[in-house]
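Below is one structure, written out as structure tokens; the observations come after it.
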Amino acid sequence: MLLVYRFLWIAAALGVLACLLALSNPNRRAPVASSQWVSIYLGQFALKAPADFRAYRDPLTQMGVNTPNSPIQLRDAIRVERGVRTGLRLLINTLRTDLQASGGESMFTNPSENYLRLIVRAHDAQKQKIAQAVTDFREKQTRVMRTRGVTALRTDFEYTHMPLLPLLRFRVQGYLITAPLGTAETLHIVAYHPPERAQEYRAVFDRMIGSLTVGQAKAEGGGY
Amino acid sequence: MPVCRWCGNETHGAQVCEFCKRDLNTGAVAAAPSPAQAYTRFLQEASEQTEKSVKFLYEVNIGYTLTARLERFFSVALLVAMLNLIFIVWRPEWSLWSGLVSFLLIGVWLPMSYLVDRLEELEVYRDLVIVLILQFVLANPLLAGLVYAAGVGAYWLLTRADLNSSVLIVMLVYVSFRLLFDGGLILNGYLDLADWLQFAFTWQSVAPLGALIVGWFVGSLFRND
């Protein structure tokens, strides 16, 4: 009987090795997201996401974003993520009316004309918060873009994620999109993913953002 | 069983009928054994019986060397692991569930292969609660295993008490197979190494250890000592 056991474990060990070789084949990588997509309704947000992405409201985010002298105040935030390096954060910020803008000018003297300045201010404030929250933040590029018929700002960035063992460091790529939401609010979309699978994840995030709606009514003339 | 052609009964004896005491071939009445002969035969049978019992206990408790126990264990455990890895190649998104089934089966085979004792002592249950809490709090199986081993080592150094090593062996098996399965998922690109090294209080991190313990319990019920 011992010979049977010996034959079995040797054969199974060879099988395990063969499986590990098959799994390490770079041409046969698992898809970054499930092919099954589900609808998510959380807070002010509604979107579609792959089934293996987890959506939740992060209480730490809710508490941490509102810093004393920040010109923006968080109204709602959710995370839709697959892991610590992969996910999407959606935030709605309101510009604070109790703070005076630089130069003594109020932010809301003329909201329609002050449109781009509002976006820039909110975008910079949000970018600063991300930079403070992560390690080794590097801004790569900021540009004006059009999304759903409205002007928005987009910043591509990189940072380092340091997990349990401080010896290991993981690079993370991401981008921040700030779009107007009405006249006094802004929508921030923060997407992040491992740099080695950027293209695959960006396609997933584009689809998720494409399905995103905020609140019940859609803004007239485009937007979220 | 032969039938005695003299009395018609089925008899266990090969030469003499146990009922009519006749020789099955010749029909001659066999002489009754003397008391001395009967006593000698009784002693002989008792000795044979004792030898059989001793041999059985010897096989179970001493005869299975560590190598033999390991070979018994890995013959089934590696087979289950291989099937799980094949499943991971095929459907990585179901790896959590296939992993749970694999750990359950490996747990059942643990006591059946005599690699660990049956799950019946109170102190073993206590240690299992400790490792479950460690796994939940630390999230990482390797870290939980190392912390538990260090704790047991420190306790032994302080007290020099006889320790039950079953939970240590179970943790070694658990950590090894978790490394194998999670390593497969990382190689496949389905699991991010950064996630594996992250603190996360989720039931998914504890469930495989729970399945292994449930398997150990079930296997203990079926092991016949």
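The values are calculated or read from the model by the stated rules, or taken from the named source; none is laboratory data. All of these numbers come straight from a predicted model, not from anything done at the bench. No Cβ is skipped: glycine too gets one built from the backbone with ideal geometry, and neighbour counts run over all protein chains shown. These accessible areas exclude ligands, DNA and RNA; they are computed on the full protein's heavy atoms, side chains included. Shrake-Rupley method; radii C 1.70, N 1.55, O 1.52, S 1.80 Å.
Average accessible surface for region B:66-222: 47 Å² per residue, computed with a 1.4 Å probe over protein heavy atoms with every protein chain in place. Just need the relative contact order of region A:125-181 here, percent rounded to a whole number, with Cα pairs under 8 Å and 6+ apart. Taking the mean separation of contacting Cα pairs over the length of region A:125-181, I get 31 percent.
Label-to-label distance, B:PHE19 versus A:THR142, with points set 7 angstrom from Cα along the beta-carbon direction: 10.8 nm. Shown for region B:66-222: the carbon plus sulfur share of the solvent-accessible area, taken with all protein chains present and a 1.4 angstrom probe, equals 74%. What separates the Cα centres of region B:164-190 and region A:126-184 is a distance of 36 Å.
Counting charges near B:LEU185 (Lys, Arg +1; Asp, Glu -1) among other residues having Cβ under 12 Å from its Cβ returns a value of -1.
Computed with a 1.4 angstrom probe on protein heavy atoms, the B-A interface buries about 2800 square angstrom of accessible area in total.
The contact residues of region A:23-39, meaning those that lose at least 50 Å² of 1.4 Å-probe accessible area when all protein chains sit together rather than their chain alone, are A:LEU23, A:ARG28, A:ALA30. Rounded to the nearest whole Hz, the Karplus-based 3J(HN,Hα) values (6.51 cos²θ - 1.76 cosθ + 1.60, θ = phi - 60°) of region A:139-152 follow the sequence 7, 9, 6, 10, 8, 8, 9, 10, 9, 6, x, 10, 7, 9, with x at glycine and proline.
Close amide-amide hydrogen proximity is noted between A:HIS161 and A:PHE170, A:ARG171, A:VAL172, each under 5 Å apart and 5 or more residues distant or on a separate chain (H modeled in the peptide plane; Pro and chain starts excluded).
Rounding to the nearest 10 and keeping the result within 0 to 90°, find how far the Cα-based axis of helix B:203-222 lies from the longest principal axis of chain B. Long axis of B:203-222 versus the principal axis of chain B: about 10 degrees. Most mobile of B:VAL29, B:VAL124, B:VAL206 per a Gaussian network model of chain B (Cα springs, under 10 Å)? Most flexible of the set in this elastic network: B:VAL29.
Per residue, the average separation of C-alpha pairs within less than 8 Å and at least 6 apart gives chain B a relative contact order of 25 percent. With respect to chain B, whose longest principal axis is taken over its alpha-carbon atoms, helix B:35-57 is tilted by about 10°. Would you work out if region B:66-222 is rounded, prolate or oblate? Take a ≥ b ≥ c from the square roots of the eigenvalues of the alpha-carbon gyration tensor; rounded if a/c is under 1.5, else prolate when a/b is larger than b/c, oblate otherwise. Because a/c hits 1.5 or more and a/b fails to exceed b/c, region B:66-222 counts as oblate. Dipole of the protein assembly as shown computed with +1 at Lys/Arg Cβ and -1 at Asp/Glu Cβ about the Cα centre; of A:LEU91, B:THR65, B:LEU122, farthest Cα towards the positive end is A:LEU91.
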